[in-house]
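Take a look at the structure set out below.
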Amino acid sequence: MIPEPKVVNTIINGDSKQILVSERDSLLEALRDRIGMTGAKEGCNNGNCGACAVIMDGRLVNSCCVMAAEVEGSEIMTVEGLASRDELHPLQTEFLDNAALQCGICTPGFLMSSYALLQENPNPTEEETRFWLAGNLCRCTGYDKIIESVLTVAKG
Amino acid sequence: MVATGKPQYKIIGTRPRRPDGVDKVTGRAQYGADIKLEGLLYGAVLRSPHAHALIKSIDTSKAEALDGVHAVITNADLVGSGQTVQPATAEALEPGKASPRWAAESILAGPKVLYHGHAVAAVAADDVHIAQDALELIDVEYEILPHVVDVQDAMLDGAPILHPQLRTGVRAAGVDTRSDIETNLASHMRLESGDIEKGFAAADLTIEREFTSSQFHQGYIEPQNATAFWSHDGRINIWTSTQGSFMARDATADVLGVPVAQVKVIPMEIGGGFGGKIPIYLEPMAAVLSKKSSRPVKMWMDREAVFQATGPTASSYSKVKIGVTNDGTITAAECLFAMGAGGYPGSPVGAGVMCALAPYKIDNQVIDGLDVVLNTPKTSAYRAPGAPATEYAVESVMDEIAEQLDMDPIDLRLVNVAEEGVKNSSGTPWPKIGAKDVLEAMKSHPHYLSEIQGEDVGRGIAIGFWFNGGMESSSSARVNKDGSIALILGSVDIGGSRASISMQLAETLGVTYEQIAPQVTDTDSVGYTAVTGGSRTTFAGGWVVYELGQMIKAEMISRASKIWDISGDEITYSDEGTVVGPDDAEGNKRAFSFNELASKLQATGGLIAVSASSSHTTQGAAYGGHIVDLKVDRDTGKTEILRYTAIQDVGTAIHPDYVEGQIQGGIAQGVGMALNEEYYYDSDGHLMNGSFLDYRVPVANDLPMLDVEMVEVPNPGHPFGVRGVGEVPIVPPQPTIRNAIYDAIGVRFYHTPMSPRRVLDELL
Ligand code: FES
Ligand code: FES
């Protein structure tokens, strides 16, 4: 009854990783439950909240909606890979300095989505930012300080 | 910021980084579901497909036989799982009091399931998929009973009865509604003062209206979770995301029937709560699964379970009648509020009753509140529990009065505003409050003074009140040899309280914020601390560290007195954290900086360690006023918020960024209640929209920037003037938006949410 585990080869935050997954695992479950990378969060497990957002081969994805088996050969970037060895990413610094998190459970997802936004559109308007981030739910902040932080980082 | 007589602070009012911030932006912070233990099993819960049914039998044998399954439990395992103390099983019900059995049956259903999603059985297995497979192998035989999910229907004669033993109790003097008939009315309360008949007789205008509101969910992004290990020696460790680790510990011990000291709760970081993470759900299940399997068990809810089975707020029915003279003076008010408690008694109607008329001075008033059980999940607190519904009704009537009297709605409120010395609905005189300051700040705010233009565009205002909580808090502190201070907190940090409490200790001692290292700890390592809720944490946490600070100062003075060999009476502790004595015989200054003296502690009796617990009832009541401009789309029924301003008396803003953030977050949730969010049940009592897609909370492009203006009327009952700020802002949005929609399209709504469908129904 227990399905055969399967090895998946990927690169996560620049390090190559082999993950032993169940065929039924999502990428989120593989990250969290198989290799203990719990930066990506589960808020809904069905693509509605963005708390599990990671970047897969340059594309922003909700990792709860990607099967672990699909990431064979892919490069994944998670919130754990956003800061360099010595320095936080400017988005992280700005979120901190501008109090863009209260409980912080949505923060990893917002950071990854905002990172992807700025890759795609380095100078977004407030409206573009709000639309881009509409797939990430935050129940604590009312979004103000998150939007402000992203716009501040974009302005440099 | 408008400040009245605010002392000069060095740290309070600044905006430092929060101590837990780096962990939270790098993904390192450990939330409940992030815990990993050796030998960990994963749990899953079987939930009722019916709104109301008798459980005839449960057969778990096939599930138990599944490969990878380690334990299966039902209610029978929960009750009596303790080794030493039997759980209370009293059947007899005192009026208005919950049966002790209900606590266990709300965790895992007893003879009946009372709502769609009520937990029936739980499984622990090697991974979550196996646990879910096992659920499908559990056979439950139900006998479906008639159900009721609407609060007004549940009060009708002949309504399906949830608890045959329930009789209406009395919680307030004056009315006896005790009866011998079966009922869904769990309790009745009344507040009464003056003579309403005389009051209404003196009125030139009386308006009476009825209102209803749907059920709303707190919508925290992190689902409930719990991990437990029940050791062979009987000790139970529980790692969980809870708003109150001590409350979770005590409630779990009660349900399991074990001594409190046998349970340790280790609070993990918490991903939002808003009141919804005060009750326990998974903790006892995980503990019993662990006991049965001798392994640690981790459980977390899926989102559908969160919607189906964790406390939303109450649906409500309100009737409000207010009489005024032609100059706007309120002569009398009469209100009835009924709230749906869910499957077990305990809606927030009591708090709603006490808040309903709190902004105003009303000599003649009667307020009744009814707590009604029905077949929906047991409600739990949700940010200012009870107040949004009752104040929405009152503020809506106030708007209609202002219109009929042709008065500015802020002026109408100023005529009646409650002030220091005025008695509230419970008969207690208000201490210093800022309701009037808020109204005056609203009136002169550029938003209110601006012109609005455009078709189907409107403006509305309303004010809101919440008590704020006091209650017990504990902390301890140790001064290290370099002057840094380890601060141990009993309050879980749901949104910046490590920062706001550390700032108050730093201010008390005249040291820097950075030298304080706060840490939230488990229930064995700090004194009892009540929940992080009720807008109490920065208030009560601040009080405790202020007291710790006084203890540290006294100890520092006594050490200096030893070193200098003079009496402590001659030594002072300055605001800068310097310990100063009189000049010595040679005329040399005697002074130690905090850090200098800290370096001498070990040689003068050891490092300083102090702890304190306190419970102050001097929390400051708080008011907020909101102004909205919005536009209604006549084709889609959708309301767009164009501009939003909140003005709130925050007492003293300790960390202004987090104060603003609380207010903005409260507005966003209130906007959701006003325009969109609600539970949908089908005719079988099934919750139809248990996902974030279908229960749609406001997203980033639903809102504009939310402007916050803080008025600071320091609370005289707190060393730094702190008032709670978190709950007030969820109160005004519903009436503010309702009143603006009327201004925009000329339609008065009597139900929230005013969803696009309901707006279209009115327009078409
Ligand atoms: S957990 Fe993946 S989108 Fe919510
Ligand atoms: S900070 Fe709590 S959900 Fe966004």
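The values are calculated or read from the model by the stated rules, or taken from the named source; none is laboratory data. This one's a predicted model, so the numbers in the text were calculated from it and none came from an experiment. Don't worry about glycine lacking a Cβ; one is built from the backbone with ideal geometry, like all the others, and counts go over all protein chains shown. Just so you know, the surface numbers come from the protein's heavy atoms only, side chains and all, with ligands and any DNA or RNA stripped out. Shrake-Rupley method; radii C 1.70, N 1.55, O 1.52, S 1.80 Å.
Worth a mention:
- Probe 1.4 Å, protein heavy atoms only - accessible area per residue of the stretch B:487-596 in square angstrom: 37 Å²
- Shape of the protein assembly as shown, Cα gyration tensor, a/c cut at 1.5: rounded
- Model label zone, residue B:294; criterion: amide N under 17 Å from point 7 Å along Cα-to-beta-carbon; scope the stretch B:25-65: B:38-41
- Spin-label proximity, residue B:684 to the stretch B:21-64 - amide N less than 18 Å from point 7 Å beyond Cα toward beta carbon: B:46-56
- The residues of the stretch A:1-97 present an accessible area of 45 Å² per residue when probed at 1.4 Å with all protein chains retained.
- In sequence order, calculated HN-Hα J values of the stretch B:287-294 (Karplus, 6.51, -1.76, 1.60; Hz; x Gly/Pro): 5, 6, 4, 5, 4, 6, 9, 6
- Sparse-neighbourhood loop sites, trypsin sites (Lys or Arg not before Pro) in the stretch A:37-143 - DSSP loop, at most 16 other Cβ within 10 angstrom: A:85
- Looking at the stretch B:203-280, the accessible area is 26 square angstrom per residue; that uses a 1.4 Å probe and ignores ligands, DNA and RNA.
- Drop in accessible area of at least 50 Å² in the complex versus isolated chain, residues of the stretch B:669-698, 1.4 Å probe: B:692
- Projecting label points 7 angstrom from Cα along Cα→Cβ for residue B:182 and residue B:420 puts them 5.6 nm apart.
- The length gained on full extension between residue B:37 and residue B:751, counted as 0.36 nm times the residue separation minus their Cα-Cα distance, comes to 252.2 nm.
- Cα gyration tensor shape of the stretch B:13-58, rounded if a/c is under 1.5, else prolate or oblate by comparing a/b with b/c: oblate
- Among the protein heavy atoms of the stretch A:90-155, carbon and sulfur supply 50% of the accessible surface, probe 1.4 Å, non-protein parts ignored.
- Inter-part distance where the stretch B:575-596 and the stretch B:104-124 are each reduced to a Cα centre, Å: 66 Å
- Protein-protein interface of the stretch B:296-321, residues with accessible area decrease of at least 20 Å², isolated chain reference, 1.4 Å probe: B:300, B:303
- GluC sites (Glu not before Pro) within the stretch B:431-505: DSSP coil, no more than 14 neighbouring Cβ in 10 Å: B:451, B:455
- Prolate/oblate/rounded label for chain B (Cα gyration tensor, a/c 1.5): oblate
- Interface burial for B against A (accessible surface, 1.4 Å probe, total of both chains, Å², rounded to 100): 4800 Å²
- Applying 1/(1 + (r/R0)^6) with r as the Cβ-Cβ distance of residue B:584 and residue B:524 and R0 = 35 angstrom yields a FRET efficiency of 0.15.
- Inter-label distance for residue B:591 and residue B:411, nm, one decimal - labels placed 7 Å from Cα along Cα-to-Cβ: 5.8 nm
- Ellipticity at 222 nm from helices only: DSSP H runs of n ≥ 4 in the protein assembly as shown, each -39500 (n - 2.57), divided by the residue count, give -8000 deg cm²/dmol.
- Separation between Cα centres of the stretch B:208-241 and the stretch B:401-459, rounded to whole Å: 37 Å
- For the pair the stretch B:311-337 / the stretch B:703-761, the C-alpha centres are spaced 17 Å from each other.
- Here's the picture: a label point sits 7 Å out from the Cα of residue B:205 along the beta-carbon direction, and within the stretch B:376-411 the residues with their amide nitrogen under 20 Å of it are B:392-411.
- Annotation: the antiparallel percentage among DSSP beta bridges lying fully within chain B is about 75.
- Occluded residues from the stretch A:15-46, i.e. those whose accessible area drops by 20 Å² or more once the chain is not alone (1.4 Å probe): A:24, A:29, A:32, A:33, A:34, A:38, A:41, A:42, A:43, A:44
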